[in-house]
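Peer 1: Structure incoming, see below.
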Amino acid sequence: MSFSEKPVLTGVRTVLRPFTEADAEAIWEILSDPEVIRFTFDPSTELTLAGLRSWYGSRSDQPDRLDLAVTDRDTGEVVGEVVLNEWDPHTRSCNFRTLIGPRGRGRGLGTEATRLIVGHGFERLGLHRVHLEAYGDNHRALRVYRKVGFVVEGVRRESARRDGEWVDEVLMAVLDREWAEHRGHVEVPRDWAVRRG
């Protein structure tokens, strides 16, 4: 198994493709969105356009992770990213993370992009487990993850401070045998929510 190959994954609404340095401008705009800032990184993080050009220009050279641009299939516009990283070859597991900018939200692009890359991880790369962490108040993301088959494994209660408030971190994962059953399509009750334990 290797993350050296950087595929193009095509869905009905989205195309996931390797990043280029030229994508930095679109990501720069996405990273200025308040929702992305709130749920993706510490607001004190120093970002520069030059730093983003260097980062995204080097993603295709990384053999231990897979970073793909999420693009709108109709327009080709970059609306976000999906990432498989923190690969552990001994347990055949890795972390998943994503961010979707304002122009990609509410249209199913994030759900499809998540299904495409997680499916690639299980079906093409032979992963056993994909896990993630998300803030407990990121309801949109938690619903997407549940729809794609991630299961809540635990909650780190009030483990992060965001905008002066304590928030939980939700730990979720999906296993290869679960993916083989549902292929990323799970019925989620409308009132589903993470419950503190």
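The values are calculated or read from the model by the stated rules, or taken from the named source; none is laboratory data. This structure is a prediction, so every number in the text was calculated from the model and none was measured. When we count neighbours, we look across all protein chains shown, and the Cβ atoms used for this are built from the backbone with ideal geometry, even at glycine. Side chains included, ligands, DNA and RNA excluded: accessible areas come from the protein's heavy atoms. Shrake-Rupley method; radii C 1.70, N 1.55, O 1.52, S 1.80 Å.
Peer 1: All but one of (1) farther than 29 Å from GLU178 by Cβ; (2) touching a residue at least 12 places away in the same chain (Cβ under 8 Å) hold for VAL83; which doesn't?
Peer 2: (1)
Peer 1: Failed condition for VAL78, given (1) farther than 21 Å from ARG183 by Cα; (2) loosely packed, with under 13 Cβ neighbours inside 10 Å; (3) at pLDDT 95 or above, with all others met?
Peer 2: (2)
Peer 1: Looking at (1) within 26 Å of THR45 (Cα to Cα); (2) of a type in the set (A, V, I, L, M, F, W, C); (3) surrounded by fewer than 22 Cβ atoms within 10 Å (Cβ to Cβ), find the lone condition where PHE96 falls short.
Peer 2: Here PHE96 clears every test but (3).
Peer 1: Six or more apart or on different chains, Cβ under 9 Å: which pairs go from a residue in the range 118-141 that's within 18 Å of SER2 (Cα to Cα) and assigned to a loop (DSSP other than H, G, I, E, B) to one that's open to solvent by 20 Å² or more (accessible area, probe 1.4 Å) and among the basic types (Lys, Arg)? Could you list them?
Peer 2: LEU125/ARG92; GLY126/ARG92; LEU127/ARG92; HIS128/ARG92; HIS128/ARG177
Peer 1: OK, next. Among residues belonging to the range 99-128 that are among the charged types (D, E, K, R) and over 18 Å from HIS139 (Cβ atoms), point out the one that is least open to solvent (accessible area, probe 1.4 Å).
Peer 2: Initially, the range 99-128 is screened for residues among the charged types (D, E, K, R), giving 103, 105, 107, 112, 115, 123-124.
From what's left, over 18 Å from HIS139 (Cβ atoms): 103, 112, 115, 123-124.
Working: ARG103: 132, GLU112: 26, ARG115: 57, GLU123: 106, ARG124: 175 Å².
Ranking the candidates gives GLU112 first.
Peer 1: Count, please, the residues in the range 21-46 that happen to be loosely packed, with under 14 Cβ neighbours inside 10 Å and not in a helix (DSSP H, G or I).
Peer 2: 7
Peer 1: Out of all the residues in the range 151-165, is one or more of a type in the set (Ser, Thr, Tyr) and over 22 Å from TRP87 (Cα atoms)? Lay out the reasoning, then the answer.
Peer 2: Taking the range 151-165 as the starting set, the residues that turn out to be of a type in the set (Ser, Thr, Tyr) are 159.
From what's left, over 22 Å from TRP87 (Cα atoms): 159.
Looking for residues that are of a type in the set (Ser, Thr, Tyr) and over 22 Å from TRP87 (Cα atoms), one finds at least one in the range 151-165, hence yes.
Peer 1: Please list, ordered by first then second residue, the pairs with beta carbon atoms under 6 Å, 6 or more apart or interchain, first in the range 23-45 and of a type in the set (Asp, Glu), second outside any loop (DSSP other than H, G, I, E, B).
Peer 2: So the pair list comes out as ASP23/TYR56; ASP23/ALA69; ASP23/VAL78; ASP33/PRO102.
Peer 1: Separate question: Which number in (1) part of a helix (DSSP H, G or I); (2) of a type in the set (Phe, Trp, Tyr); (3) open to solvent by 40 Å² or more (accessible area, probe 1.4 Å) marks the one condition that TRP87 misses?
Peer 2: (1)
Peer 1: Could you list all residues from the range 1-18 that are farther than 27 Å from THR91 by Cβ, open to solvent by less than 40 Å² (accessible area, probe 1.4 Å) and not aliphatic (A, V, I, L, M)?
Peer 2: Going through the range 1-18, the residues farther than 27 Å from THR91 by Cβ turn out to be 8, 10-15, 17.
Checking the rest, the ones that are also open to solvent by less than 40 Å² (accessible area, probe 1.4 Å) come to 11, 14-15.
Within the range 1-18, GLY11, THR14 meet the criteria.
Peer 1: For residues that are free of Cβ contacts under 8 Å to residues at least 24 places away in the same chain and outside any strand (DSSP E or B), scanning just the range 142-186, find the one that is least open to solvent (accessible area, probe 1.4 Å).
Peer 2: Taking the candidates together, the pick is GLY164.
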